[in-house]
Amino acid sequence: MGNIIDGKNVARNLYDQLKEKIDRLKESGKSITLAVVKVGDDAASEIYVSNKKKICEKIGINSRIFTFPPDIKEDKVLDLIQILNEDPEINGILVQLPLPKQLNERKIIENIAPNKDVDAFSYINVGRFVVDSSIKEALLPCTPAGIMRLLDFEDIDLSGKHCVIINRSNIVGKPLAMLMVQRDATVTICHSKTRNLNDICKTADIIVSAVGRRNFITKDMVKEGAILIDVGINRDSNGKVCGDVDFQSVKDVASFITPVPGGVGPMTIAMLMENTLKAAGAQSKSDEI
Ligand code: NAP
């Protein structure tokens with residue numbers, strides 16, 4: 001059986017480190033604040049926002065949640081973003097996605113000041129790290145950065161490895177491909193129009209699946225000893241959360257595998273917290289942060 005990569009544990013370690021830094025800052029009278037903008041009452045968004053709030057409390061980041069009704073006009077959201085951009089007390093701004101249809105998601109994200117865009121979804125942040133993700137203060141998209149942190153935790157060297165990423169979204173597949181290439185991996189990005197996906201997966205040293213379909217990756221698609229990173233969040237027939245990978249059978253051929261829940265998910269939130277601290281550091285130009 002392959003090693004199970006314990007994302008909860010890696011996230012916990014990171015929280016301990018972040019909390020130590022935040023405690024030190026508090027001693028010198030500084031505080032860190034994350035603003036979360038939520039529109040409507042989407043059940044999944046409620047859970048995501050409440051989880052983020054809980055983690056903020058746990059590590060000592062102040063969180064301010066701003067909730068708009070589902071039919072809010074775009075200019076009202078943009079006005080709030082402007083206020084938050086200009087408020088020196090606010091270090092990070094996150095707009096919980098998805099947004100209702102009348103709102104232009106891209107326009108709203110692009111209005112967040114780049115140095116407060118802790119999800120790192122804006123063109124400027126994506127563009128900067130595509131050119132050079134080694135810039136220390138660069139805000140990196142949370143899920144790809146969290147995946148890289150998990151691989152680092154297990155001392156997995158990417159150099160020369162063939163990484164197959166099944167996802168081409170702007171928040172997962174594309175940025176992750178860039179991070180992996182910068183670590184000297186050979187990357188193949190697959191999507192719904194990819195032909196011979198099974199054959200391509202069979203050649204992978206690392207498979208990252210972010211499709212959103214349970215049991216999408218089966219044992220016959222996986223080379224013996226491959227590393228499986230499961231980003232998908234789905235429900236099984238009993239309503240339990242599960243990933244894209246048929247965990248029970250694939251774990252026997254994989255050398256490392258992330259579980260769902262408890263793999264990539266906790267790392268996504270952990271990287272958001274790290275980004276918030278990084279953003280505060282860059283804003284204050286202080287070496288303390
Ligand atoms: P998305 O934008 O819909 O991306 C899904 C990707 O899967 C697309 O690139 C799509 O291809 C591809 N795909 C769909 N069917 C396929 C098929 N039959 N063969 C090959 N590729 C196929 O969704 P997303 O927002 O990136 O999220 C994907 C999944 O990851 C969801 O389950 C989501 O909940 C989860 N997620 C988890 C985290 C976390 O922190 N754990 C973070 C983000 C997302 P096309 O581009 O051609 O449509």
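The values are calculated or read from the model by the stated rules, or taken from the named source; none is laboratory data. In this text, all values refer to a predicted model and were calculated from it rather than measured experimentally. Counting neighbours? That spans all protein chains shown, and the Cβs are built from the backbone with ideal geometry, glycine included. Heads up: the accessible areas ignore ligands, DNA and RNA and are worked out on the full protein's heavy atoms, side chains in. Shrake-Rupley method; radii C 1.70, N 1.55, O 1.52, S 1.80 Å.
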| message | Students often get this wrong: which residues of the range 127-152 have the backbone nitrogen under 11 Å from the point 7 angstrom along Cα-to-C-beta of Asn3? | response | 151-152
| Helix 173-182 versus the longest principal axis of the chain: what is the Cα-based angle in degrees, 0 to 90, to the nearest 10? | 80
| task | Quick one: pull the percent of accessible area on the chain belonging to carbon and sulfur, 1.4 Å probe, ligands and nucleic acids left out. | result | 50
| Can you give the net charge of the other residues whose Cβ lies under 11 Å from the Cβ of Val36, counting K and R as +1 and D and E as -1? | +3
| said: Let's see if you can work this out: charge +1 on each Lys and Arg Cβ, -1 on each Asp and Glu Cβ, no other charges. What is the dipole magnitude of the chain about its Cα centre, in debye to the nearest 20? | reply: 380
| task | Mind giving me the nanometre distance, one decimal, between the label points for Glu105 and Asp87, set 7 Å out from Cα along Cα→Cβ? | result | 2.5
| remark: For the range 192-289, listing GluC sites (Glu not before Pro) in a DSSP loop whose Cβ sees at most 16 other Cβ atoms within 10 Å gives Glu224, Glu288
| field | Residues with amide H under 5 Å from that of His162, placed H, sequence gap 5 or more | value | Thr186, Asp205, Ile206
| field | Signed unit charges on C-beta, dipole axis of the chain, positive-most listed residue Ala185, Ile55, Thr203 | value | Thr203
| request: Find the eigenvalues of the gyration tensor of the Cα atoms of the chain, then list the square roots of 5 times those eigenvalues as equivalent ellipsoid semi-axes, largest first, in whole angstrom. | output: 32, 21, 18
| task | State the extension gain, in nm to one decimal, for the chain segment bounded by Asn238 and Lys219, taking 0.36 nm per residue of separation less the distance between their alpha-carbons. | result | 4.6 nm
| Among the DSSP beta bridges whose two residues both lie in the range 134-250, what percent are antiparallel, rounded to the nearest 5? | 10
| query | On full extension of the chain, what length is gained from Ile135 through Arg64, given 0.36 nm per residue of separation minus the C-alpha to C-alpha distance? | reply | 22.7 nm
| note | Taking every DSSP bridge whose two residues both lie in the chain, the antiparallel percent to the nearest 5 is 5
| Nearest-ten-degree value, helix 264-284 long axis tilted from longest Cα axis of the chain | 40
| request: Mind ranking 96-102, 184-190, 24-30 by how tightly packed they are, going by the mean number of other C-beta atoms within 10 angstrom, highest first? | output: 184-190, 96-102, 24-30
| message | Expected output is a single nm value to one decimal: the length gained when fully extending between Lys26 and Lys76, i.e. 0.36 nm times separation in residues minus the C-alpha distance. What is it? | response | 14.7 nm
| note | For the chain, dividing by residue count, accessible area per residue (probe 1.4 Å) in Å² works out to 48
| task | Sort the range 187-267 into rounded, prolate or oblate with this rule: let a ≥ b ≥ c be the square roots of the eigenvalues of the Cα gyration tensor; rounded if a/c is under 1.5, and if a/c is not under 1.5, prolate when a/b is larger than b/c, oblate otherwise. | result | prolate
| task | Write out the trypsin sites (Lys or Arg not before Pro) in the range 120-179 meeting two conditions: DSSP loop, and at most 14 other Cβ atoms within 10 Å of their Cβ. | result | Lys136
